[in-house]
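The values are calculated or read from the model by the stated rules, or taken from the named source; none is laboratory data. Predicted model only: the values in this text are computed from it and were never measured. Cβ placement follows ideal geometry from the backbone for every residue including glycine, while neighbour counts extend to all protein chains displayed.
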Amino acid sequence: MKWGIFLCVLLIIVLIVIFEWKKIKNCPKKDKITFFTLLTVVGALSLFDLPNLPGPVTLLEYIFKPFGDFMENL
(Lines give C-alpha, C1' and ligand atoms only; values in the text may rest on other atoms or scores of the structure.)
Protein backbone atom coordinates (compact mmCIF):
# COMPACT_ATOMS: atom_id res chain seq x y z
CA MET A 1 0.00 0.00 0.00
CA LYS A 2 1.19 3.48 -0.77
CA TRP A 3 0.97 5.43 2.47
CA GLY A 4 1.99 8.66 0.80
CA ILE A 5 -1.21 8.76 -1.22
CA PHE A 6 -3.30 8.03 1.85
CA LEU A 7 -1.58 10.74 3.88
CA CYS A 8 -2.07 13.28 1.07
CA VAL A 9 -5.77 12.40 0.84
CA LEU A 10 -6.04 12.64 4.64
CA LEU A 11 -4.41 16.07 4.57
CA ILE A 12 -6.81 17.22 1.85
CA ILE A 13 -9.77 15.92 3.87
CA VAL A 14 -8.58 17.85 6.93
CA LEU A 15 -8.18 21.00 4.83
CA ILE A 16 -11.70 20.56 3.42
CA VAL A 17 -13.12 20.24 6.93
CA ILE A 18 -11.20 23.29 8.15
CA PHE A 19 -12.28 25.52 5.25
CA GLU A 20 -15.89 24.31 5.14
CA TRP A 21 -16.52 24.20 8.90
CA LYS A 22 -17.99 27.72 9.00
CA LYS A 23 -20.60 26.73 6.42
CA ILE A 24 -21.24 23.27 7.88
CA LYS A 25 -21.55 24.48 11.47
CA ASN A 26 -24.96 26.06 10.84
CA CYS A 27 -26.34 23.21 8.72
CA PRO A 28 -28.73 20.57 10.04
CA LYS A 29 -27.38 17.39 11.57
CA LYS A 30 -28.41 15.36 8.52
CA ASP A 31 -26.20 17.48 6.25
CA LYS A 32 -23.23 17.19 8.62
CA ILE A 33 -23.58 13.40 8.72
CA THR A 34 -23.71 13.26 4.91
CA PHE A 35 -20.66 15.53 4.59
CA PHE A 36 -18.53 13.49 6.97
CA THR A 37 -19.75 10.19 5.55
CA LEU A 38 -18.67 11.18 2.05
CA LEU A 39 -15.27 12.30 3.31
CA THR A 40 -14.88 9.02 5.22
CA VAL A 41 -15.75 6.96 2.13
CA VAL A 42 -13.20 8.89 0.06
CA GLY A 43 -10.56 8.34 2.75
CA ALA A 44 -11.33 4.62 2.86
CA LEU A 45 -11.21 4.28 -0.93
CA SER A 46 -7.79 5.93 -0.99
CA LEU A 47 -6.44 2.92 0.89
CA PHE A 48 -7.13 0.60 -2.06
CA ASP A 49 -5.24 0.31 -5.32
CA LEU A 50 -8.39 0.86 -7.38
CA PRO A 51 -6.86 0.91 -10.89
CA ASN A 52 -5.41 -2.58 -10.38
CA LEU A 53 -8.37 -4.23 -8.65
CA PRO A 54 -10.35 -6.74 -10.70
CA GLY A 55 -13.74 -5.49 -11.81
CA PRO A 56 -17.22 -6.96 -11.59
CA VAL A 57 -16.77 -8.86 -14.87
CA THR A 58 -13.87 -10.79 -13.34
CA LEU A 59 -16.09 -11.71 -10.39
CA LEU A 60 -18.89 -12.91 -12.70
CA GLU A 61 -16.42 -14.97 -14.75
CA TYR A 62 -15.10 -16.55 -11.54
CA ILE A 63 -18.63 -17.46 -10.43
CA PHE A 64 -20.09 -18.68 -13.73
CA LYS A 65 -17.09 -20.26 -15.49
CA PRO A 66 -17.67 -23.69 -13.90
CA PHE A 67 -21.29 -23.58 -15.08
CA GLY A 68 -20.14 -22.75 -18.62
CA ASP A 69 -17.75 -25.70 -18.65
CA PHE A 70 -20.53 -27.93 -17.34
CA MET A 71 -22.98 -26.76 -20.02
CA GLU A 72 -20.44 -27.33 -22.82
CA ASN A 73 -19.95 -30.94 -21.73
CA LEU A 74 -23.66 -31.76 -21.94
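Just a few scattered comments:
- Each residue in the range 1-48 was checked for being loosely packed, with under 10 Cβ neighbours inside 10 Å and either in contact with a helix residue (DSSP H, G or I) (Cβ under 9 Å, 6 or more places away or on another chain) or not in a helix (DSSP H, G or I) (or both), and 4 pass.
- Residues of the range 49-69 that are part of a helix (DSSP H, G or I) and either touching a strand residue (DSSP E or B) at 6+ places or on another chain (Cβ under 8 Å) or within 21 Å of Val9 (Cβ to Cβ) (or both): Leu50, Pro51, Asn52.
- Which numbered condition Pro56 fails, given (1) modelled with pLDDT under 90; (2) surrounded by 10 or more Cβ atoms within 10 Å (Cβ to Cβ): (2)
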